[in-house]
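Q: A single structure is presented below for examination.
The values are calculated or read from the model by the stated rules, or taken from the named source; none is laboratory data. As the structure is a computational prediction, the values presented were derived from the model and not from experiment. No Cβ is skipped: glycine too gets one built from the backbone with ideal geometry, and neighbour counts run over all protein chains shown.
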Amino acid sequence: MAKKAISPGGSVSGIVELPGDKSISHRYAILAAVAEGRSGIANYSTAVDCRSTLRCLERLGVEVKIGRERDVQITGMGLAGLQVPKRALDAENSGSTMRMLAGVLAGQPFPSTLTGDSSLRRRPMRRVIEPLRQMGAEINSRDGDVAPLEIRGGKLRAIDYALPVPSAQVKSAILLAGMFADGVTSVREAVRTRDHTELALREFGARVEVTKGALRIHPGPKLEARQLVVPGDLSAAVFLIAAALMLTKSALVIHNVGLNPTRARVLDFLISMGAEIRVAAVESRHSELVGDISVRHAALAGGQISGAQVAEMIDELPMLLALGPFTEKGIEIHDAKELRVKESDRIATLAEGLRRMGARVEEFPDGMRVAGRSAGKLRGAKVDPEGDHRIAMALSIAALGADGDTVIHDAACVAVSFPDFFEVVDRLRGKKGWLKRPWQE
């Protein structure tokens with residue numbers, strides 16, 4: 001799909017169940033690979049990024065079987081059972097795959113190389129290289145910061161590490177490496193980041209202690225295979241929620257969505273702007289909260305995001321900014337320099353796309369401001385997300401409220417996190433009632 005034309009108007013209505021959470025899928029797969037026994041992971045993410053993790057695990061000798069409805073069976077090798085890969089492990093576009101696998105590979109008694117596509121090879125890796133080197137791993141990289149990462153691991157030293165930049169991926173890499181260390185490894189974070197890794201480690205049997213601002217993992221756990229169900233991806237759901245808030249007469253229910261408190265702050269922010277969002281049927285599955293989200297069209301006031309909120313909503317920021325023209329006062333974000341080193345420079349790429357659509361945008365080094373409704377209605381335009389899946393989806397949702405058609409270049413990049421995005425949106429706009437999971441159609 002080189003291009004996708006988006007026609008505006010209509011509403012989004014119905015009930016939908018989304019593919020599994022991308023972040024959780026990565027973690028379950030990696031831990032299943034170093035557990036003992038065969039794990040089953042139901043509702044594994046359809047994202048290309050999560051497929052990259054499975055392929056890397058297979059190259060490490062792990063048996064992976066993908067069944068119907070995206071159920072995945074992984075036969076674990078134990079902490080000491082991974083095999084020397086015959087060629088480089090290709091994480092493709094997935095920063096999660098590269099950073100978290102680096103933690104596991106740092107503890108292996110063999111050399112390995114992690115690489116990726118041109119986008120991933122531009123993303124900063126020093127933040128994960130430095131703590132793993134402190135633990136004793138030998139890691140070579142291009143310019144000391146970017147992939148390919150050549151890793152020679154082995155027995156690691158326990159460290160007490162304070163994260164200089166809030167990053168769940170770096171925290172995860174250190175915790176995973178801590179399983180191979182000679183003592184208790186500690187990670188301290190000034191800003192709380194998503195806690196899927198520590199929850200999953202406990203679920204598989206690792207001893208992880210959590211206190212305010214710090215985590216400690218004990219070495220040499222015996223991880224045991226588990227039967228797990230991945231909740232629906234909240235970060236994907238946010239795009240559909242935004243569409244329902246924008247478009248009149250919309251009424252949408254998203255079933256079985258992950259509601260982990262370290263991820264759900266985006267719902268609180270939307271509600272603070274006036275969104276009509278309700279959460280029901282909440283329960284805990286494998287230590288992760290899961291529930292149903294209902295949302296209706298509502299007038300939004302606008303708002304500001306900064307400080308700790310940024311880390312809590314980092315993946316949702318592009319969609320929140322693209323909602324700016326549909327709010328009363330607009331959306332303003334600061335302290336988000338991290339957006340400049342994602343799959344694209346998300347600040348610059350999103351700003352350019354919104355400007356082409358007629359939005360009034362002020363760009364800052366660490367964020368941007370997008371003016372509200374008083375600046376005028378968006379217009380259809382040709383926009384380029386620069387290969388960034390979240391920018392492509394954010395601009396596509398904004399296009400639903402524009403005057404005239406919008407053309408999204410390189411629209412296929414949405415497959416990185418939500419392959420069926422356009423099909424799901426089209427169905428929700430076209431009919432009411434129950435919608436099957438996209439891969440059951």
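Q: Tell me yes or no: at least one residue of region 324-333 is among the hydrophobic types (A, V, I, L, M, F, W, C), in contact with a strand residue (DSSP E or B) (Cβ under 6 Å, 6 or more places away or on another chain) and assigned by TED's automatic domain parsing to the domain that holds Ser272.
A: Filtering region 324-333 down to residues among the hydrophobic types (A, V, I, L, M, F, W, C) leaves 326, 331, 333.
Filter again for in contact with a strand residue (DSSP E or B) (Cβ under 6 Å, 6 or more places away or on another chain), leaving 331, 333.
This time we only want the ones that are assigned by TED's automatic domain parsing to the domain that holds Ser272, so: 331, 333.
For region 324-333, residues among the hydrophobic types (A, V, I, L, M, F, W, C), in contact with a strand residue (DSSP E or B) (Cβ under 6 Å, 6 or more places away or on another chain) and assigned by TED's automatic domain parsing to the domain that holds Ser272: present.
Q: Test of understanding: among Arg142, Arg126, which residue is farther than 13 Å from Asn93 by Cα, surrounded by fewer than 24 Cβ atoms within 10 Å (Cβ to Cβ) and at pLDDT 95 or above?
A: Arg126
Q: Residues in region 370-381: is at least one closer than 24 Å to Val253 by Cβ and in a helix (DSSP H, G or I)?
A: Step one: filter region 370-381 for residues closer than 24 Å to Val253 by Cβ, giving none.
The answer is no; no qualifying residue exists.
Q: Scan (1) in contact with a Phe, Trp or Tyr (Cβ under 9 Å, 6 or more places away or on another chain); (2) more than 20 Å from Leu228 (Cα to Cα) for the single condition Ile41 breaks and write down its number.
A: Condition not satisfied by Ile41: (2).
Q: Starting from region 255-276, take each residue that is over 19 Å from Ala322 (Cα atoms) and list its partners that are assigned to a helix (DSSP H, G or I) and not charged (D, E, K, R), counting only C-beta distances under 6 angstrom and pairs at least six apart or across chains.
A: If the second residue must be assigned to a helix (DSSP H, G or I) and not charged (D, E, K, R), the pairs left are Val257/Leu234; Val257/Ala237; Gly258/Leu234; Arg263/Leu234.
Q: For residues that are buried (at least 19 other Cβ atoms within 10 Å of the Cβ) and either in a loop (DSSP other than H, G, I, E, B) or at positive phi (or both), scanning just region 387-409, find the one that is nearest to the chain's Cα centre (by Cα).
A: Step by step, filter region 387-409, then rank; the result is Asp388.
Q: Of all residues in region 1-30, which are under 17 Å from Leu428 (Cα atoms) and either free of Cβ contacts under 8 Å to residues at least 24 places away in the same chain or under 20 Å from the mean Cα position of the chain (by Cα) (or both)?
A: Within region 1-30, Val16, Glu17, Leu18, Pro19 qualify.
Q: Of the residues Leu101, Leu114, which single one is in a strand (DSSP E or B) and touching a residue at least 12 places away in the same chain (Cβ under 8 Å)?
A: On the way: Leu101 fails: in a strand (DSSP E or B).
Criteria check complete, one pass: Leu114.
Q: If you check every pair at least six apart or on different chains, which have Cβ atoms under 9 Å apart with a residue in region 357-383 that is at positive phi and assigned by TED's automatic domain parsing to the domain that holds Ile333 first and a residue that is among the charged types (D, E, K, R) and assigned to a strand (DSSP E or B) second?
A: The qualifying pairs are Gly358/Arg379; Gly358/Asp403; Gly367/Glu332.
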